[in-house]
1. When you check A:LEU481 against the structure, is it assigned by TED's automatic domain parsing to the domain that holds A:ASN317, in contact (Cβ under 8 Å) with a residue 24 or more places away in the chain and either surrounded by 23 or more Cβ atoms within 10 Å (Cβ to Cβ) or on the phi > 0 side of the Ramachandran plot (or both), yes or no?
2. Applying the selection to segment A:352-389, what residues are away from every other protein chain (no Cβ under 14 Å) and among the hydroxyl-bearing types (Ser, Thr, Tyr)?
3. Here's a check for you: in segment C:28-57, which residue that is buried (at least 16 other Cβ atoms within 10 Å of the Cβ) and farther than 18 Å from C:ALA228 by Cβ is farthest from the chain's Cα centre (by Cα)?
4. Between A:ARG643, A:ARG621, which is at pLDDT 85 or above and of a type in the set (D, E, K, R)?
5. I'm checking my understanding of the structure. Among residues of segment B:1-21 that are at pLDDT 85 or above and more than 9 Å from chain C (Cβ to nearest Cβ), which one is farthest from B:LEU95 (Cα to Cα)?
6. Take the residues of segment A:400-420 that are of a type in the set (Phe, Trp, Tyr) and either out of contact with any strand residue (DSSP E or B) (no Cβ under 7 Å at 6 or more places or on another chain) or not in a helix (DSSP H, G or I) (or both): which is farthest from A:ILE323 (Cα to Cα)?
7. So C:TRP247 fits all but one of (1) touching a Ser or Thr at 6+ places or on another chain (Cβ under 6 Å); (2) outside any helix (DSSP H, G or I); (3) not acidic (Asp, Glu); what number is the exception?
8. Starting from segment A:551-575, keep only residues that are more than 15 Å from C:LEU51 (Cβ to Cβ) and at the interface with chain C (Cβ under 7 Å from one of its Cβ atoms), then list their pairs with residues that are among the small types (Gly, Ala, Ser) and assigned to a loop (DSSP other than H, G, I, E, B) whose Cβ atoms are within a distance under 9 Å, requiring at least 6 positions of separation or different chains.
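The values are calculated or read from the model by the stated rules, or taken from the named source; none is laboratory data. Note that the coordinates shown come from a computational prediction; the quantities given were computed from them, not determined experimentally. Cβ placement follows ideal geometry from the backbone for every residue including glycine, while neighbour counts extend to all protein chains displayed.
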Amino acid sequence: MTLLFVALLALFALAVVGVAARRSPWVGTAVYGGTATACGLIGLWAVGALVGRDGAVAAVLPIGVPWIGVHLRADGVSAFFLLVVALGGVTASLFGWGYERAHEQAADHSGVHSGGESGPVLPFFPLFLAGMSLVLLANDAFSFLVSWEFMSLTSWLLVLSTHRDPDTPDAARLYLMMAVLGTLCLLLAFGLLVGTGGDYRFDAIRQHPPEAGAAALVVLLMVLGAGSKAGLVPLHVWLPLAHPAAPSHVSALMSGVMTKVAVYALVRVLFDLLGEPVWWWGGALMAAGAVTAVMGVLYALMQDDVKRLLACSTIENIGVILIALGLALVFKASHTPVIAALALSAALLHVVNHSLFKSLLFFVAGAILTATGTRDLNRLGGLIHRMPTTAVLALIGAAAISALPPLNGFVGEWLLFQAILNAPALPEWSLKIGIAVVGAAVALAAALAAACFVRLYGIAFLGRPRSAEAGRAGEVGRAMLAGMAIPAALCVALGVLPTFVIRLFEPAVRAMVQAGPFDDRSYQPWIWLAPTSAIGNSYNGLILLGMIAALSVALVLAIHRWASDRVRRSIAWGCGHDGDDPAALSQYSASSFAQPIRRAFGGTVFNARDRVEMPEPGDTRPARLTVCWTDPAWAFLFTPVRRAVNWLADHADALQFLTIRSYLTLMFAALVVVLTLVAVVRS
Amino acid sequence: MIDIGYDAAHLLGALVLMTSFALLYQRRLFSLLNVFTIQALALSGAAAWQAYAHDEPHLYITALLTLTLKAIAIPVALHRIIQRLHIERTVEPALGIGLTMVAGVSLVTLSILLVLPVTENATALTREDLALSLSVVLLGLLMMISRRNAVSQVVGFMSIENGLILAAVGVAGMPLVVEMSIAFSVMVAFIIFGIFLFQIRERFETLDVRKIESFRGESD
Amino acid sequence: MIAAVIHQVLHMALVLALAPLLTGWVRLVKSRLVGRRGASVLQPYRDLARLLRKEVVLADNASWLFRSVPYVMFTAIWLAAGLVPVFTTDLALAPTGDLIALIALLGTARFFLALAGMDTGTSFGGIGSSREMMIAALAEPAMLMVVFSVAVLVRTTSLAEIAVYMMGGTVGLRVSLALALIALVMVAIAENARIPIDNPATHLELTMVHEAMVLEYSGRHLALIEGAAMLKLLLYAAVIACVFAPWGMATPTQGSLWIGLLSFLAKLAAAGAALALFETSIAKMRVFRVGEFLGGALLLSLLGAIFLYVSRGV
């Protein structure tokens, strides 16, 4: 554990360096290089802990609140999530280093800040990573909450680093409010967990799990508290605003990694601290996850801003992870641990997968922003010609997140479906039927995600440039490309050899559900993914990839050899538009691509309406399509709540101007009410 | 393992439910009537099969009644009404087709969830028939509230009644009297509906219930 | 093991060879049904051969993606077809992917084709891609729910195991299976761009989907895409046959390959004739009713999954 402490201390030290040496030219290199190294060390330590399977290690640090101290402990689950944080940290540091340099150079050239950085990122970047790591290591409620709040605040400060952007202040304010609300829920949840015993250590909580009623309340509060951080619908409203507002490498960390820390909080409390689960906990989690998954991807389909689209897609993926967690809980409650292990493996695999491809895609968004200066899909296009390497890496990311074989997104989904197919083993009728519906929701979300990323990739990288900036774009620097290449390579590797990583985090699964996903298989073929009970279900990404590659190459060679290999270039028929630029305008835009889906789903869900402004014949103005839609979360939850709060505030105002007698009456009434309550509760 | 008696009853019952969904999906009045005819045929088939398989001859009467009334008389009469009244031949949904279908599936799920736990001890056929018929009844109600045209509301009402007969067929031992009285009351209801349709049409020149609503006595 | 590899190779060659024949057969039956003589069943082979020999005309801004998609897409669909047992269940690739992987492989092919549609930046390609993805967004979950119904009954998603179990005849008639079959047929119609969703014979209409997406392709690329479409039609027929009518297929332990082959040919002929009959008796629907049609398929398949629990068993 010493290695871990050294790395964490290094992160804090780097923050100091970031403040102290902020004027010097090498500070970016030092901080990002140091952060990458520290995260690499954390990752190495986590892999060692997972491979070594030497159980949990714990430590007590004599700092913080007297008599309590800071209890730290790393078991399989913590190590697994630490690995996710470390991976995100390494790639984000690498990318961020190149990204900031590119933006500084651009600023030097033009003399103005072009929508990129303007506030300090450097000191908070390592602190944010350290905060997330501490949440994962905390072993008492107190240090957990403090680290959680530390993580929230550092990420909030990172969001604020772009405060010159006109949208940022609002996004940051909303984020702060939701973060406070979430922490409040967590605070209450841990208060209930600790109970009257007053022992804040997780070990003590584990020994004395709360009563059924309190446990139910804890589940609810945890889902609200951790869910608001993870982006659970309808508490997601801050996420599509705040995540994109930060610099791209920080967005990648917030979307790819911080949401996973929230998932960790759920896993820790629901699977570990609360003891034996009850079936409806999982049912509730699955229902919330299903709504989140489908709504998240529908939100993503409505967005025209690249980074906002990615943030919304995070909501969808969190939904999928929650569904898998819910399934695992349900199966754990019905004492079928192997299937619970299967579902939990699906959840954890999706955690890794999503952190990889979402980081990758946010880096791609950052690269696009660097190269073109815009995040608006309707101003992009044709980047595959101008940013060839980025285009290849982005294609891998888009295919992986669309759950296409042989990449990693599909493996997670495949495992999830294998768990879903075991639904008949459950005793509750409502769960059996409910899981079928949830399965349909997962499938719907996955298919819509594919549409969403065809839209993203097709509009941004393919076709013709829709603006002059997109036409002038150039490839980004090597550091940024390397930052993208690492997660892309891992996406492919995890897709073709998933068994290794599932084996790697088996200790984490075993710690939570007391079984491994491959337990009832006496013989496990090497690279074949063939989990549990169901007979003969297996998947092999390596063979699929090999076959596709081999057959494609053979086909190319055969056709070029025996049929024809002649090519002629010509101008594509642009429906009567001549020349280059009008043809670019006649392309499908992001809004028009989403139109069929908007028409099928949006009318009901978002109350979406298309308005077409068609000029008279003879008029040369272009026709305009305006899409308006309302977010149901705002329309039905937050706006009414805001109104109610305002109303309450207006009326509470009157309380300031009462006579002393009235104040005394109020206090007296409050006292009587409390006493009555005590009397009632006691009886 | 294969029990053809059960399997056939199972499929016929499901066919009745499927036609209920098809009723919700239709946009044209004539195809609505055709689907309704199919539903009646399936229902009478279910009754006849049950009569044959379980040797309950009185169910043949049910089958015959359903066949003559529901599959022949009522559709023919409704066809003539539509032609005589020159009703617009498209169904105007008050709720989008997609939403209606989603609501329909939720209703079926609800009825299955209701029926399954309380019939743990019953035979598979009984509980299935109960679940199916409850679904058909609920779908009929859904049809009545989600369609604006009076003719489709009549069809919805008839399909509710089909659901009741399906329950009567499936649950062994339902006396014939009950079915006779149901059939009779439906007949009466149908006649009343028919008269109403004519009357409404004469007065207001439309069968769109929306337009008639403003003529309610209490409002001005 | 060696037998399985030989079967696999034969199987891949067989599906490749039969795919144009099935399309030719459907076209012939359709022509006869509307009173035309129709072209020979071998016409699709001639069309493909002619296209393969022609030069490719590329749009001047077409990228490498546009040129590689036909190959990737063709192999993905070919590989998917290689996973579906047609004359024997003893296939070497069978454990590589199950029904879910098969659906996802088709998804991969679709994903890349939709991207290729947007590559040249013409509006027709965009129309086709966006509609194709909308159709897929409903068709794919419908198909996965069909898989769910079947898999819960059979306790596996492996196609070979499903075929063996279904041949055992212990399943009986089931509402869920009937609903799953209807939903699967609806999905197959939509995914293969058949009437009433799309018209495979159309070439320049605002209602087209698949043809709009591949409008910019020519020569050998077009041949591959047409070939892939034919393979996909055969694949769906084979999946339906494998799950709902696997009779006659050989297994590792029993049954003769020849009977398996003949029964497969008979099933294909029947499926093709049924498709032709269906297509001639129905009108194409408006593009925006496709959502309702496929939503219906999704709900039917979901209903099938729900009804699993009402019937006996499970």
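1. No, not satisfied.
2. First pass over segment A:352-389, keeping only residues away from every other protein chain (no Cβ under 14 Å): A:352-376, A:379.
Of everything in segment A:352-389, those that are away from every other protein chain (no Cβ under 14 Å) and among the hydroxyl-bearing types (Ser, Thr, Tyr) turn out to be A:SER355, A:SER359, A:THR370, A:THR372, A:THR374.
3. C:VAL57
4. A:ARG643
5. Selected residue: B:LEU12.
6. First pass over segment A:400-420, keeping only residues of a type in the set (Phe, Trp, Tyr): A:410, A:414, A:417.
Subset that is either out of contact with any strand residue (DSSP E or B) (no Cβ under 7 Å at 6 or more places or on another chain) or not in a helix (DSSP H, G or I) (or both): A:410, A:417.
Numbers: A:PHE410: 16, A:PHE417: 11 Å.
Looking at the filtered set, the residue picked out is A:PHE410.
7. If we test C:TRP247 against (1) touching a Ser or Thr at 6+ places or on another chain (Cβ under 6 Å); (2) outside any helix (DSSP H, G or I); (3) not acidic (Asp, Glu), just (1) comes out false.
8. A:ARG569/C:ALA62; A:ALA572/C:ALA62; A:ALA572/C:GLY121; A:GLY574/A:SER586; A:GLY574/C:GLY121; A:CYS575/A:SER586
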